[in-house]
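Below is a structure I'd like to ask you about.
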Amino acid sequence: MAFFEELTKKAQVLAEVATEKAKVAAEIATEKAKDATDTAKINIEILSEQREMEKNYKAIGQWFVSEFEGEIPDAVKDVVAAVMASKEKIAALEAAKPRKESCEVDAGLKVCPVCGVASDSKFCPECGAPMGE
């Protein structure tokens, strides 16, 4: 019987060691998860500030172009010309978009303001735009 008692004691010691190692591993995993969460939060804040900065730069550029219309300094003439060309191309592409032919709308259906599809849902099933009231 001494053999079984000694075996039981060794099993208990091993179980205690395993439990202790599991606790340490769980603490390390928790710490790493917290660090990853903190890093993700900081990255989101950085991206948010970058978007805000880009929005402000865009506002400055739009103000500049409208303020100095016709008197654009030589240093930015090429950039302003590229912006104007892009605006013209966007307008041409918008005009070239195929529009779905609207059919007679049944009672209770709304017509999508973007593509003209009739539906009773909140969002257009064709293009995903809000259907409005």
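The values are calculated or read from the model by the stated rules, or taken from the named source; none is laboratory data. Fair warning: this is a prediction, and the values are worked out from it, not measured in the lab. Ideal geometry is used to build each Cβ from the backbone, glycine not excepted, and the neighbour counts take in all protein chains shown. To get the accessible areas, we keep the full protein, side chains included, count just its heavy atoms, and leave off ligands, DNA and RNA. Shrake-Rupley method; radii C 1.70, N 1.55, O 1.52, S 1.80 Å.
Given charges of +1 on the Cβ of Lys and Arg and -1 on the Cβ of Asp and Glu, with all other atoms neutral, how large is the dipole of the range 3-133 about its Cα centre, in debye to the nearest 20?
Values: 18 positive and 25 negative charges, 68 e Å.
Computed about the Cα centre, the dipole is about 320 debye.
Report, to the nearest 10°, how far helix 77-96 tilts away from the longest principal axis of the Cα atoms in the chain, using its own Cα long axis and a range of 0 to 90°.
90 degrees
Using 0.36 nm times the number of residues separating residue 59 and residue 31, minus their current alpha carbon distance, what extension gain do you get?
Details: separation 28, 0.36 × 28 = 10.08 nm, distance 4.21 nm.
Result for the pair: 5.9 nm of gain on full extension.
Still on this structure, please answer the following. Sorted from largest down, what three extents in whole angstroms do the Cα atoms of the chain have along their principal axes?
99, 57, 23
Could I ask something else about it? Going toward the positive end of the dipole of the chain, with +1 on Lys and Arg Cβ and -1 on Asp and Glu Cβ, which of 12, 37, 26 do you reach last?
12
Send over a whole-number figure in Å² for the accessible area per residue of the chain, probe 1.4 Å.
Working: 11620 Å² over 133 residues.
It amounts to 87 Å² per residue over the chain.
Evaluate E = 1/(1 + (r/R0)^6) for residue 9 and residue 41, where r is the Cβ-Cβ distance and R0 equals 41 Å; express this FRET efficiency to the nearest 0.05.
Working: r = 48 Å, r/R0 = 1.18.
Efficiency for this residue pair is about 0.25.
Once you have the Cα-Cα distance between residue 126 and residue 21, take 0.36 nm times their residue separation minus that, and quote the gain in nm to one decimal.
On the way: separation 105, 0.36 × 105 = 37.80 nm, distance 5.61 nm.
Here the answer is 32.2 nm.
Leaving out ligands, DNA and RNA, what percent of the accessible area of the range 4-65 is carbon and sulfur, probe 1.4 Å?
Details: 3570 of 5690 Å².
Its accessible area is 63 percent carbon and sulfur atoms.
Another question, if that's okay. Given the C-alpha atoms of the range 42-91, compute the convex hull and give its volume per residue in Å³.
Numbers: hull volume 4.9 nm³, N = 50.
Looking at the range 42-91, the number lands at 97 Å³ per residue.
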